[in-house]
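Below is one structure; the comments refer to it alone.
Each value in this text was obtained by applying a stated rule to the coordinates, not by laboratory testing. Small disclaimer: the values here were computed from a predicted structure and weren't measured. Ideal geometry is used to build each Cβ from the backbone, glycine not excepted, and the neighbour counts take in all protein chains shown.
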């Protein structure tokens with residue numbers, strides 16, 4: 001085992017702060033807490049500062065691939081570079097001769113790199129330069145090109161959980177409003193539940209190109225007045241702590257960090273059984289999963305849980321226990337360090 005302090009770089013080509021960037025921030029903070037020197041490249045500077053301020057972690061902005069290349073090329077005495085997403089992977093390959101440090105990449109989505117001949121050539125070049133490849137779930141590992149080690153994402157357990165009987169009569173959907181996330185399934189399940197007539201509301205936290213379309217769908221299904229589009233929110237943990245239920249409809253979810261955060265908050269989750277939800281939500285006793293092709297079944301599951309305070313409390317506790325044993329940030333960091341050590345040997 002490597003006992004000395006390592007200089008580890010976490011790099012992503014991004015000026016945003018969604019699931020990938022949140023993972024980079026969380027992993028970096030846990031590595032720094034273990035005594036390692038960490039440099040983060042990419043991600044929204046203000047949000048990264050909010051997450052990393054006071055940890056001693058240095059951050060460099062990177063909105064383009066060449067920004068990542070420049071930031072990497074200016075570093076010295078790097079022990080390992082951990083890359084996230086294809087653009088950063090390519091930047092790592094370009095700078096590898098200068099850094100002389102092994103490259104590790106995490107695959108966050110269940111897809112292969114590139115579809116054109118040029119993209120496939122770049123993919124082969126990236127794979128040839130990687131010392132290790134990590135997938136965030138077994139679902140992702142089964143789809144991506146090349147072999148990978150599965151290291152699930154992790155989150156921190158809130159110190160306390162709001163009891164089911166004190167939560168709002170709200171179903172929370174927290175995700176980007178883009179086609180691949182299938183927000184339409186959530187809206188149809190919400191309408192099928194009939195809970196709008198009983199005073200429940202659907203709160204949609206997230207922004208994207210489909211907000212208008214989803215609002216129109218909700219109106220056409222008779223639940224528009226009971227559906228609140230909150231836009232992008234930085235207080236999702238607070239929303240999770242108050243929500244009575246959490247809805248996760250995406251059938252191609254590579255992991256679903258917000259889903260696991262809901263589990264950690266003890267919020268009962270109703271999720272599509274496809275994608276990685278079977279590994280996260282499905283790992284808990286009494287998991288509530290439905291086929292993404294059957295939103296009515298999702299609606300029935302929402303209604304059943306909404307009408308049973310005791311079951312919501314028990315299910316929320318089981319979900320939280322699953323996170324505690326499998327999906328905490330410390331479990332993730334320990335597994336990641338094991339991958340780093342195997343590479344450095």
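(1) 17.0; (2) 15.3; (3) 22.9: which one is mean projected area of the Cα convex hull in nm² as calculated from this entry? After the calculation, the listed value that fits is (1). The ranking of 137, 241 from fewest to most other beta carbons within 10 Å of each one's beta carbon is 241, 137. Extension gain for residue 94-residue 230 works out to 44.9 nm (0.36 nm per residue, less the C-alpha to C-alpha distance). Between residue 165 and residue 49, full extension at 0.36 nm per residue minus the direct alpha carbon distance yields a gain of 38.1 nm. Fully extending the segment from residue 310 to residue 342, taken as 0.36 nm per residue of separation minus the present Cα-Cα distance, adds 6.9 nm.
Remark: spin-label model distance residue 76-residue 213 equals 5.2 nm, labels positioned 7 Å along the Cα→Cβ axis.
For the chain, the longest principal axis of the C-alpha atoms and the axis of helix 117-129 are separated by about 70°.
Please determine, in degrees from 0 to 90 and to the nearest 10, the orientation of helix 211-220 with respect to the longest principal axis defined by the Cα atoms of the chain, where the helix direction is its Cα long axis. Once rounded, the angle reads 20 degrees.
Relative to the dominant Cα principal axis of the chain, helix 309-326 is inclined by about 10°. The listed peptides 84-93, 62-71, ordered by packing as a protection proxy, come out as 84-93, 62-71 (highest mean of other Cβ atoms within 10 Å first).
Binning all Cα-Cα separations of the stretch 156-249 at 5 Å, short to long from zero, yields these whole-percent fractions: 3, 14, 25, 25, 18, 9, 4, 1, 0.
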